[in-house]
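Written out below as structure tokens is the structure these notes cover.
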Amino acid sequence: MNHIAVFNSATVQTKFVDNLLKDREQNLFPEFRGKKGALFSATVLKKFLLEELNHDDFTLTKHCIDGNGNTRSLGSFSSGQQKKLLLTYLAKQKFDFLVLDNPYDCLDLAAQQSLADELTKLAKGVTLIQLFKIRDEVLPFINQYCFVENNVVQFLGSSEEYDAFFFKKLKPYEFTRNLPLPLKKIEVENPLVKFTDVNIFYEQTRQIVNNINWEINKGEFWHLKGPNGAGKTSLLTMITGDNPKAFGEDIVLFGRKKGSGETVWDLKKNMGYFSPNLTQFFGKLFTVQHMVLSGFYDSVGLYEKPTGQEIKEVDKWLDLVGLKDKKQMYFVRLSPEIQRIVLIIRALVKYPPLLILDEPTNELDDYATSMLTAFINKIHKETDIAIIYVSHRMLKGLEPSKVFELIPIQHGSIGKIIS
């Protein structure tokens, strides 16, 4: 049975998937015309979540009963469990092929392997079409690769032929200029972050992390990793000041004991933060230049008049990444990968002592990931900014100096330092 992996260079897959499933004449794969297909994607999962929320429809979880005899909600399961529930439901439907739209997004390594095992079983009786962005995430039993550009099939062949055609031509991204110098040095003391026997509980009984000891100093590059639910986000919010559970814990931030009179905004002045979720806060028509300028003021949008020096500095940053000619474009009209570069520059322009990058490569393809990897390495080599890079997986070519791993045990997660 033939299974196909498709790399579609288009940013949005919707049109391609729609044509494939609705048997339209412009379908790029004639062999699937007249056949019934189904879609496995985050979009489909979101529809089930909304149906549950709005109409108490528990289609995916009607056989999942909790200790009190109640049907569990889909939202109470992890991302990996939700995807397995969706796959179980789809497997009971009658269809000829299944389209997998980036199935590993937001899954840790253990959840990815578990899902891959389920898909391997399903592949014995159903043709699978995997849409992918990262070459290494293609399922091992896939025997045909396809490269689509401008809705035209540019290549169709074996994995070896695909690698020779495209993947091996992907060179590591290189920047030709140094980073701009800081306009003003933010002076803080070491340690930037220090956790001493930190514990986090929710609902007074559910322990998230267990006696965490972790110290971060200037210029260090840390990879924070751990499976879904291990407490990575909880630790980050302890640092950013967004978690009230930090009250009473032994935490030092930027050389000061937490709780000694600092405000959330005092903390945020000393750090830059990026997460893919940030894009949802910038829906208005802000230009690229205004987006980056807002980083000087820690504001969502630009509401103060920037100085001429700040404008020149932003232009230097945009020139570094080849975006100076796009500075008057609207941010929302940029591709996802360029939006992320802009948001990371926004977090960097004030040269914060600490930069937090939370899953920066989610949903990016190999090209964009190569660019982002080179950019993060460059920040580490040319500045004394401390970096916390949060991700389930280590990117090829990324060069963190230390790893802090959260390991779940019976009572929360313990921390392990890997130098």
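If the condition is being acidic (Asp, Glu), surrounded by 13 or more Cβ atoms within 10 Å (Cβ to Cβ) and assigned to a loop (DSSP other than H, G, I, E, B), then the stretch 294-332 contributes only 298. For the structure I just gave you, tell me whether residue 340 is modelled with pLDDT of 90 or more, crowded, with 20+ Cβ neighbours inside 10 Å and of a type outside the set (Val, Ile, Thr). Taking the combined requirement at face value, the residue does not satisfy it. Is one or more of the residues making up the stretch 75-87 closer than 22 Å to residue 121 by Cβ and over 26 Å from the mean Cα position of the chain (by Cα)? Checked the stretch 75-87: no residue is closer than 22 Å to residue 121 by Cβ and over 26 Å from the mean Cα position of the chain (by Cα).
Checking the stretch 85-102 against the condition returns no match, with no residue being among the hydroxyl-bearing types (Ser, Thr, Tyr) and under 23 Å from residue 277 (Cα atoms).
Okay, residues lined up against (1) over 29 Å from residue 205 (Cα atoms); (2) in contact with a strand residue (DSSP E or B) (Cβ under 7 Å, 6 or more places away or on another chain):
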| position | (1), (2) |
| --- | --- |
| 349 | yes, no |
| 363 | yes, no |
| 370 | yes, no |
| 383 | yes, no |
| 386 | yes, yes |
| 402 | yes, yes |
| 410 | no, no |
| 413 | no, yes |
| 418 | yes, yes |
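Where strands (runs of 3 or more DSSP E) fall entirely within the stretch 348-416, those with at least 2 residues that are surrounded by fewer than 20 Cβ atoms within 10 Å (Cβ to Cβ) are at 402-408.
Which one is nearest to the chain's Cα centre (by Cα) among residues in the stretch 232-249 that are closer than 19 Å to residue 355 by Cα and surrounded by 20 or more Cβ atoms within 10 Å (Cβ to Cβ)? It comes out as 232. Going through the stretch 75-114 one residue at a time, which ones are assigned to a helix (DSSP H, G or I), in contact with a Phe, Trp or Tyr (Cβ under 7 Å, 6 or more places away or on another chain) and at pLDDT below 90? Correct list: 112 only.
Applying the criterion of at least 3 residues that are outside the structural domain of residue 401 (by TED's automatic domain parsing) and within 30 Å of residue 17 (Cβ to Cβ) to the strands (runs of 3 or more DSSP E) found wholly in the stretch 131-238 leaves 144-149, 152-157.
The values are calculated or read from the model by the stated rules, or taken from the named source; none is laboratory data. The shown structure was predicted, so the numbers you read here are calculated from the model rather than taken from an experiment. Neighbour counts run over all protein chains shown; Cβ positions are idealised from the backbone, glycine included.
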